[in-house]
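Here the structure comes first, spelled out in structure tokens, and everything after it is commentary.
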Amino acid sequence: AAVAPVAPETLTRVARELGADVPAQLEPGVGLGTGAGELVERFPPLAAHAFAVVPVPATLSTPVVYAEADRLGLPRRADELTRRHEQLRLALSGARRPPDELIANDLEAAAISLCPAIEPALADVRACGADRALVSGSGPTVVGLWWGEHARERAAAAVTTLRPLHAGATVSEPARRNEAVPRQLP
């Protein structure tokens with residue numbers, strides 16, 4: 001059965017109901033979110049890159065991960081967040097590949113603390129040659145990032161190696177702004 005297109009206003013409303021940062025995902029491209037993720041500043045495309053997405057068979061609650069980050073003393077001070085935000089803005093404005101130290105997830109240590117199975121998945125992704133491996137959001141999913149002209153091929157080779165260890169591992173490339181984005185809900 002065919003799925004009828006969803007009006008953009010409906011799609012945006014549903015996205016907002018799912019989470020403050022979800023509407024930003026409706027438009028492909030590079031964005032830097034602030035606030036609860038609802039304030040998004042757009043930037044030019046990054047250099048060629050691809051991801052390996054590695055699901056970890058566990059469940060983590062985002063509020064629980066944030067509470068663990070607080071317990072571990074991970075939150076950044078306001079002045080540090082302001083400095084980091086400005087570094088990201090500058091890097092995304094001028095660089096086609098941001099410095100590795102700016103590609104980080106402050107919730108990673110909290111997610112690992114609550115779900116130790118994340119650590120071996122990160123190690124496996126690193127062992128497959130990822131330029132960067134990190135926890136996605138509040139976890140437990142892990143992503144590997146490959147940069148360069150042959151990033152997709154390198155990430156695909158890694159996924160072939162990872163699948164026996166991590167069922168569901170997939171390759172993903174970022175959508176570009178000029179590519180069509182489906183406006184349908186399954």
Handout entry: Solvent accessible area, Å² - HIS150, 1.4 Å probe, full protein context
Key = 110 Å²
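Per DSSP H run of at least 4 residues, take -39500 (n - 2.57); add these up for the chain, divide by its residues and hand me the 222 nm value, nearest 500 deg cm²/dmol. Mind showing how you got there, number by number?
Values: 6 runs with 68 residues, N = 186.
Using -39500 (n - 2.57) per qualifying helix, the result is -11000 deg cm²/dmol.
Grab the other residues whose beta carbon is less than 11 angstrom from that of ALA110, score K and R as +1, D and E as -1, and report the net. Provide the component values of the computation, followed by the final result.
Values: positive: ARG71; negative: GLU68, ASP70, ASP106, GLU108.
Local net charge: -3.
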Handout entry: Stretchable slack from THR12 to LEU46, in nm (0.36 nm times residue separation minus alpha-carbon distance)
Key = 9.7 nm
Practice task
Could you state how much accessible area ILE112 has, in square angstrom rounded to the nearest 10, with a 1.4 Å probe and all protein chains kept in place?
Solution key: 40 Å²
Exercise for the section: Decide, for region 2-67, between rounded, prolate and oblate: order the square roots of the alpha carbon gyration tensor eigenvalues as a ≥ b ≥ c, take rounded if a/c falls under 1.5, and otherwise choose prolate if a/b is larger than b/c, else oblate. Expected result: rounded
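Quick check: from the Cα gyration tensor, does region 60-133 come out rounded (a/c under 1.5), prolate or oblate? Don't skip to the answer; put the middle values down first.
Numbers: a/c = 3.15, a/b = 1.18, b/c = 2.68.
Verdict is oblate for region 60-133.
List the GluC sites (Glu not before Pro) in region 71-103 that DSSP assigns to loop (not H, G, I, E or B) and whose Cβ has at most 16 other Cβ atoms within 10 Å. Which are they?
Qualifying residues, ordered by number: none.
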Fill in the blank from the handout: Expressed in nanometres to one decimal, the distance between label points 7 Å along Cα→Cβ at ALA58 and VAL22 is 2.5 nm
Problem - Full-stretch length increase - LEU90, ALA67 - with 0.36 nm per residue and alpha-carbon distance subtracted - result: 5.2 nm
Exercise for the section: Please compute the net charge surrounding GLY148, taking Lys and Arg as +1 and Asp and Glu as -1 over other residues with Cβ under 13 Å from its Cβ. Expected result: +1
Exercise for the section: Return the single residue from VAL40, VAL171, VAL54 with maximal mean-square fluctuation; model: Gaussian network over the chain, springs between Cα atoms under 10 Å. Expected result: VAL40
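So if each residue of separation counts as 0.36 nm, and I subtract the Cα-Cα distance between THR82 and ARG126, what length gain in nm does that give?
On the way: separation 44, 0.36 × 44 = 15.84 nm, distance 2.99 nm.
Net length gain for the segment: 12.8 nm.
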Completion exercise
Across GLY19, GLY139, GLY29, the residue with the highest GNM fluctuation in the chain (Cα network, 10 Å cutoff) is GLY19
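What do you reckon, how do CYS115, CYS128 stack up by accessible area (1.4 Å probe), largest on top?
On the way: CYS115 15, CYS128 35 Å².
Sorted descending by solvent-accessible area, the residues read CYS128, CYS115.
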Problem - Debye intensity ratio I(q)/I(0), log10, region 2-150, q values 0.08 Å⁻¹ (C-alpha model) - result: -0.26
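The values are calculated or read from the model by the stated rules, or taken from the named source; none is laboratory data. It should be emphasised that the depicted structure is a prediction, and the values quoted were computed from it without experimental measurement. Ideal geometry is used to build each Cβ from the backbone, glycine not excepted, and the neighbour counts take in all protein chains shown. For accessibility, only protein heavy atoms count, side chains too; no ligands or nucleic acids. Shrake-Rupley method; radii C 1.70, N 1.55, O 1.52, S 1.80 Å.
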